[in-house]
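Asks: Just passing along the structure, written as structure tokens.
The values are calculated or read from the model by the stated rules, or taken from the named source; none is laboratory data. The structure presented is a predicted model; accordingly, all values stated were derived computationally and were not measured. No Cβ is skipped: glycine too gets one built from the backbone with ideal geometry, and neighbour counts run over all protein chains shown. SASA here: full protein model, heavy atoms, side chains in, ligands and nucleic acids out. Shrake-Rupley method; radii C 1.70, N 1.55, O 1.52, S 1.80 Å.
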Amino acid sequence: MNQIPSPDNTMIPLIDALLLGTISTEQQAELERLLASDPKQRQFYIDYMQVHNGLSTWANETTEPAAWIPQPTMAAPTSPMKTPRFLLLLFSSLIAASLLLSLAYYAGWNTRSDSSPVITESSIDLPTNETTQPQTDHIALLTQAVGVEWDTNRNLQAGAGLSAGWLKLKQGTIQVELISGASILIEGPAAVKLISPLKAFCQYGKIRASVPEQAQGFTMETSQVNVVDLGTEFTLSLDQSGSGQVQVINGKVELHSTDDQSTQANIQSLTTGEGVQFDQRGTIDRLKEAIRPLLNPEELSQLVEKQQAQQFLRWQKQNASLKADPSIIAYYDFEESANWLRTLNNKSQQKPSSASHGAIVGCQWTSGRWPQKRSLEFKRTSDRVRTHIPGEYQSLTFMAWVRIEGFDRWLSSLMLTDGYNPGNPHWQLSDKGEMILGVRTGPGKNYFSPVVLQPTDLGRWIFLVTVYDHQKREVVHYLDGVAVSHHKIENPIPLVIGPAEIGNWRPQEHTGAHSIRSLNGRLDEFALFGRALSPEEILQLYQSGKPNS
């Protein structure tokens with residue numbers, strides 16, 4: 001999180017005056033000067049206004065949460081001074097808006113609690129020192145990956161944004177494009193730490209760096225020598241002992257010492273075709289034998305295309321078996337024959353109701369997990385797929401392959417019934433990255449997963465499954481084939497869907513900010529099973545459908 005300026009920051013009275021409409025010409029000029037000159041003040045202004053927005057929303061809504069608004073069950077009773085309702089009462093009756101905003105900001109309050117639900121029995125354990133750490137500042141993009149086995153517990157895919165942190169591969173090759181313009185190919189086994197748009201550190205592995213003029217000065221650090229690129233292309237090969245080789249393919253690089261004491265006298269320059277080898281003691285000699293050429297971007301792209309074709313064929317075999325599954329209620333594979341078609345057919349071979357075929361509203365056809373695969377893009381608040389699923393089900397499994405582009409609002413629909421009547425399920429995502437299954441049982445029950453979607457998950461295809469198991473009396477959320485949380489069902493009831501929407505919501509009776517739940521992203525496969533799939537079946541579905549092997 002960005003560092004918060006101290007409470008005596010001169011921005012506070014200026015923003016308060018702006019919100020109250022009492023700001024003078026001199027104050028306006030001072031506010032504009034601070035925002036233009038200091039990025040920390042700009043971030044402070046954004047955070048402050050977000051708090052103001054959140055409290056305003058609560059002030060305009062009912063003081064009691066409606067059943068159709070998901071409310072996570074708290075792990076233990078909390079002090080009433082930390083609840084959204086208390087903030088609302090303070091806002092409306094005790095303190096002026098400006099003072100409340102200041103208190104809320106510095107106390108770290110939010111409009112809803114960050115505590116985990118008491119019904120969560122287990123959650124995914126995410127490390128804090130890898131690329132899985134929640135980050136907001138992407139400095140690079142993972143553009144291609146082939147034959148990759150990651151040495152972390154989260155598998156990144158092409159399209160993922162990358163923050164500063166480690167990239168560790170057991171095998172395979174990836175292409176990383178930094179926002180400075182530098183591009184690096186990394187061949188595993190490798191461990192490379194992204195530090196900034198113009199700097200990375202290689203612990204071991206093989207690297208091919210292409211640095212355009214715009215990224216001149218890009219530096220690849222090692223434990224023995226730092227390679228400073230002057231607008232060129234070079235390769236680096238480094239083993240785990242610290243010994244390695246550097247070779248210039250085209251252009252010029254400089255070799256700097258790692259002790260920050262480099263002078264012009266001890267900087268070594270290499271030009272096209274030249275290279276050096278060095279050992280763990282820091283001894284540097286001219287290269288005696290050229291490094292085995294690494295893949296170039298064109299060769300990597302050809303391998304990616306070949307891999308994608310193989311993966312698509314693998315998915316097609318799975319697709320045929322899913323269509324024939326007797327337990328499947330609705331199966332949308334998004335493989336319609338033409339862009340002008342506005343019907344998303346239920347491909348189940350179990351003679352589905354004609355009403356279960358989806359009516360496409362607004363969404364546009366685009367590519368899916370592979371270039372050969374089709375998907376629908378949900379962008380506007382009007383985009384949706386209307387459907388009707390008849391029947392009553394003791395257990396259900398919800399499955400979707402989705403690519404989230406952003407969390408534009410608090411709740412994003414995966415599938416929501418039009419109403420929220422007894423037995424109606426609401427499957428959706430929160431803007432914090434939680435998976436939610438809401439089931440109306442009296443006042444309503446909502447099963448929140450922990451925060452499992454990170455900023456690095458935006459722009460990549462993810463596999464989401466939620467199981468409502470009547471027999472075991474539990475709800476289980478899955479991400480990429482792995483269970484991330486288990487929840488006890490106190491009073492299991494049959495589930496009824498009826499009229500519903502994929503990727504949006506058309507509420508029958510509710511209005512307000514939380515009634516807008518449009519998805520921002522793509523879907524290229526969606527299924528409903530009339531039974532609880534086993535963990536083994538879910539993992540197999542993921543393995544057969546994942547876009548990168």
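Asks: Just to be sure before I move on: is PRO499 in a strand (DSSP E or B) and open to solvent by 10 Å² or more (accessible area, probe 1.4 Å) in the structure I sent? Spell out the reasoning first.
Replies: On the way: in a strand (DSSP E or B): yes; open to solvent by 10 Å² or more (accessible area, probe 1.4 Å): yes.
For PRO499, the condition - in a strand (DSSP E or B) and open to solvent by 10 Å² or more (accessible area, probe 1.4 Å) - is met.
Asks: Tell me which of these GLN364 doesn't satisfy, since it passes every other one: (1) within 21 Å of GLY147 (Cα to Cα); (2) touching a strand residue (DSSP E or B) at 6+ places or on another chain (Cβ under 6 Å).
Replies: For GLN364, the failing item is (1).
Asks: Name every residue in region 394-410 that is crowded, with 23+ Cβ neighbours inside 10 Å, more than 14 Å from ILE502 (Cβ to Cβ) and aliphatic (A, V, I, L, M), in order of residue number.
Replies: The answer is LEU396, and nothing else.
Asks: Then there is this: Taking region 519-549 only, how many residues are in contact with a helix residue (DSSP H, G or I) (Cβ under 8 Å, 6 or more places away or on another chain) and assigned to a helix (DSSP H, G or I)?
Replies: Qualifying residue count for the region: 3.
Asks: Considering only region 331-348, state which residues are farther than 20 Å from VAL465 by Cα and either touching a Phe, Trp or Tyr at 6+ places or on another chain (Cβ under 6 Å) or of a type in the set (Val, Ile, Thr) (or both). Let's see the steps before the verdict.
Replies: From region 331-348, those farther than 20 Å from VAL465 by Cα are 335-345; that's our starting set.
Correct list: ASN339, THR343, LEU344.
Asks: Does at least one position in region 226-242 carry a residue that is in contact (Cβ under 8 Å) with a residue 40 or more places away in the chain and under 21 Å from GLN280 (Cβ atoms)?
Replies: yes
Asks: Can I ask one more? Looking at the structure I just gave you, is GLN157 under 16 Å from the mean Cα position of the chain (by Cα) and under 29 Å from TYR478 (Cα atoms)? Lay out the reasoning, then the answer.
Replies: On the way: under 16 Å from the mean Cα position of the chain (by Cα): yes; under 29 Å from TYR478 (Cα atoms): yes.
Criteria met by GLN157.
Asks: For region 182-229, how many residues are buried (at least 18 other Cβ atoms within 10 Å of the Cβ), hydrophobic (A, V, I, L, M, F, W, C) and closer than 22 Å to GLN268 by Cβ?
Replies: Total satisfying the criteria: 14.
Asks: Is it the case, given these coordinates, that SER544 is under 20 Å from the mean Cα position of the chain (by Cα), polar (S, T, N, Q) and either under 25 Å from ASN346 (Cβ atoms) or open to solvent by 40 Å² or more (accessible area, probe 1.4 Å) (or both)? Spell out how you get there, then give the answer.
Replies: Numbers: under 20 Å from the mean Cα position of the chain (by Cα): no; polar (S, T, N, Q): yes; either under 25 Å from ASN346 (Cβ atoms) or open to solvent by 40 Å² or more (accessible area, probe 1.4 Å) (or both): yes.
The answer is no for SER544.
Asks: Considering only region 313-355, how many residues are in contact with a His (Cβ under 6 Å, 6 or more places away or on another chain) and of a type in the set (S, T, N, Q)? Give the steps one after another, and end with the answer.
Replies: Of region 313-355, the ones in contact with a His (Cβ under 6 Å, 6 or more places away or on another chain) are 343, 345-346, 355.
Filter again for of a type in the set (S, T, N, Q), leaving 343, 345-346.
Result for region 313-355: 3.
Asks: Open to solvent by 40 Å² or more (accessible area, probe 1.4 Å), among the β-branched types (Val, Ile, Thr), out of contact with any strand residue (DSSP E or B) (no Cβ under 6 Å at 6 or more places or on another chain) and under 30 Å from VAL228 (Cβ atoms): does that describe THR283? Outline the logic, then answer.
Replies: Values: open to solvent by 40 Å² or more (accessible area, probe 1.4 Å): yes; among the β-branched types (Val, Ile, Thr): yes; out of contact with any strand residue (DSSP E or B) (no Cβ under 6 Å at 6 or more places or on another chain): yes; under 30 Å from VAL228 (Cβ atoms): yes.
Against the criterion (open to solvent by 40 Å² or more (accessible area, probe 1.4 Å), among the β-branched types (Val, Ile, Thr), out of contact with any strand residue (DSSP E or B) (no Cβ under 6 Å at 6 or more places or on another chain) and under 30 Å from VAL228 (Cβ atoms)), THR283 qualifies.
Asks: Filter region 48-66 down to the residues that are at pLDDT 55 or above, loosely packed, with under 15 Cβ neighbours inside 10 Å and not hydrophobic (A, V, I, L, M, F, W, C), then identify the one that is farthest from ASP137 (Cα to Cα).
Replies: ASN53
Asks: Could you tell me how many of the residues in region 427-445 are assigned to a strand (DSSP E or B) and either open to solvent by 10 Å² or more (accessible area, probe 1.4 Å) or farther than 20 Å from ASP524 by Cα (or both)? So that I can check it myself, show each step before the final result.
Replies: Step one: filter region 427-445 for residues assigned to a strand (DSSP E or B), giving 427-430, 434-439, 445.
Subsequent filtering for residues that are either open to solvent by 10 Å² or more (accessible area, probe 1.4 Å) or farther than 20 Å from ASP524 by Cα (or both) retains 430, 434, 436-439, 445.
Qualifying residue count, region 427-445: 7.
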